[in-house]
Amino acid sequence: MTLKDPDKIREKCAVFGVYGRKGLQAARLTYFGLYTLQHRGQESSGISATNGRQIRTHKALGLVPQVYSEENLKELKGHMAIGHNRYSTSGGVHDSHAQPVTSRRAMHDILVLAHNGNLPISDNLSSFLKEKGFYTDGLNDSELMHQVIRYFLVKTGSLEEAIKQAYPMFKGAFCLLIMTKDKIAAVRDSYGIRPLSLGKLGGGYVFSSETCAIDTVDGKYIRDIKPGEMVVVDSSGLKSYQLAKPTPKLDIFEFVYFARPDSNLLGKSVYAVRRNMGVQLAKENPIKADVVIPIPDSSIPAAIGYAATLKIPLEFGITKNRYIGRTFIMPDQHLRERGVEMKHNPIKEIIKGKNVVVIDDSIVRGTTAKKLVQMLKKNGAKKVHIISSSPPVKFPDFYGIDTPTQKNLIGANMSIPNIKKFIKADSLYFLSYKGLIEAIGVPEEELCTACFTGEYPIDIGKKRKLINYTY
Ligand code: AMP
């Protein structure tokens, strides 16, 4: 199936779930949670809810406020719900891939599933299902996982048992929320590549890809679901099962770009970590500039850290149109550059005649940096220095972010002096890899650093052939 633009990097998905006391409208809280997690996926959204008798699902293409009407929310009755925001990766743009995954044929669902992550290897799941007589054509990784768990649920009659049996077959990155009529299970791969947190909500529980959405529903963060752990909540309370030995490897890019600054990852404030990146950058690459300007939004904390350390004024000299989401993906380079112009506009009065430092969180293909240098110069900047608060992205991701192929990652194909020439900046700096790890403050071995180092903690199977390590 085709992708919208195979070369743009995209993040994939958010999950959110509520197990409440009887009488609570879990779907409405899930709606608020998904609204808060919109930054993790803007292509489609869905909620499944149950009152213990029937599971109802509503899902469609679009942003959270476009997908649900008041009528839809009213119909999603019950004290239990799971929800999902999707950003397509390998499945392409099609509402049939919107989640939660439901059974395509069965009239009444016995099991619904929401998945954040990606399985680089899933042939084993389709072979298993085919062997059992199931039709698997066109199913993506999440749908295959749903089918396999459903198979074991029918066979064993127990959700816990079904997940335990299916779990060893899942090879890749996954945070799953799985709901039956009386239980919600939260499951994380043994590396914990994508985040998943647990909170208390009145007499019940809340699960969320990021802690910021637990705050939105006035929940109280308890802890992260551990890598390799399954947590099951039902009327008897919460139980935890360790299904695999944990080897924690949270994706470093969650700190760099994905997560909202008001979330905590591994107990660290994302805002504080990004601010540290700016402080670290100031130590590594101090520039005598008139003004520091962030490219909104994700680089704002780093720019604050950089400017404060070097005592340079910080100005919001680039305005972002916030109604153009992270999905603003264009089919060719010319349109992509127009896209940057629509998304960002410099404020002349701040820039004119100045020696400007511009901070971005990452340089992927180089489009944003190149276009912004041009725009700032056109608006009278004397000098434009580009600083990335992360090292060059050199390797694609296969665990839930759809990065461009390696040939389109500028950091994989050009030396830093050549990138500087290409984007026509007066100078160009990247935060060092060591500096990034220091700023995060988590041991390097507990992070998945694949996009910078090419070290893939989970087997990527045949995709390894696509990777060139000579960069
Ligand atoms: P590029 O213009 O291709 O160099 O991409 C870098 C810009 O894309 C930066 O402004 C980042 O904030 C942003 N970015 C980084 N990662 C992603 C992602 N996964 N999806 C969309 N935008 C991203």
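Region 374-471 holds helices (runs of 4 or more DSSP H) entirely within its bounds, and those carrying 2 or more residues that are under 26 Å from residue 264 (Cβ atoms) and open to solvent by less than 30 Å² (accessible area, probe 1.4 Å) map to 433-440, 450-453. Restricting region 296-316 to residues that are at pLDDT 95 or above and surrounded by 22 or more Cβ atoms within 10 Å (Cβ to Cβ), which is nearest to residue 261 (Cα to Cα)? Among residues in region 296-316 that are at pLDDT 95 or above and surrounded by 22 or more Cβ atoms within 10 Å (Cβ to Cβ), the one nearest to residue 261 (Cα to Cα) is 301. Any idea which residue in region 83-116 is modelled with the lowest pLDDT, counting only those that are in a loop (DSSP other than H, G, I, E, B) and within 15 Å of residue 14 (Cβ to Cβ)? Result: 89. Would you pick out the residues in region 258-278 that are buried (at least 19 other Cβ atoms within 10 Å of the Cβ), touching a residue at least 40 places away in the same chain (Cβ under 8 Å) and not aromatic (Phe, Trp, Tyr)? Passing the criteria: 259, 263, 264, 265, 273, 274, 276, 277, 278. Would a scan of region 12-32 turn up a residue that is within 16 Å of the ligand (Cβ to nearest atom), at pLDDT below 95 and under 20 Å from residue 258 (Cβ atoms)? Scanning region 12-32, I find at least one residue that is within 16 Å of the ligand (Cβ to nearest atom), at pLDDT below 95 and under 20 Å from residue 258 (Cβ atoms), so the answer is yes. Restricted to region 39-58, and to residues there that are in contact with a helix residue (DSSP H, G or I) (Cβ under 7 Å, 6 or more places away or on another chain) and open to solvent by 30 Å² or more (accessible area, probe 1.4 Å), the residue that is nearest to residue 238 (Cα to Cα) is 56.
Only one of the listed residues (364, 442, 356) is modelled with pLDDT of 95 or more, within 15 Å of residue 299 (Cβ to Cβ) and of a type outside the set (S, T, N, Q). That residue is 356. Among the residues making up region 165-184, those that are open to solvent by 30 Å² or more (accessible area, probe 1.4 Å) and out of contact with any Asp or Glu (no Cβ under 8 Å at 6 or more places or on another chain) are 165, 168, 169, 181.
When the residues of region 206-257 are filtered to those that are touching a residue at least 24 places away in the same chain (Cβ under 8 Å), away from the ligand (no atom under 16 Å from the Cβ) and small (Gly, Ala, Ser), the one that is farthest from residue 84 (Cα to Cα) is 244.
The values are calculated or read from the model by the stated rules, or taken from the named source; none is laboratory data. Please read these numbers as outputs of a predicted model, since none were measured by experiment. FYI the Cβ positions are ideal-geometry reconstructions off the backbone, even for glycines, and counts take in every protein chain you see. These accessible areas exclude ligands, DNA and RNA; they are computed on the full protein's heavy atoms, side chains included. Shrake-Rupley method; radii C 1.70, N 1.55, O 1.52, S 1.80 Å.
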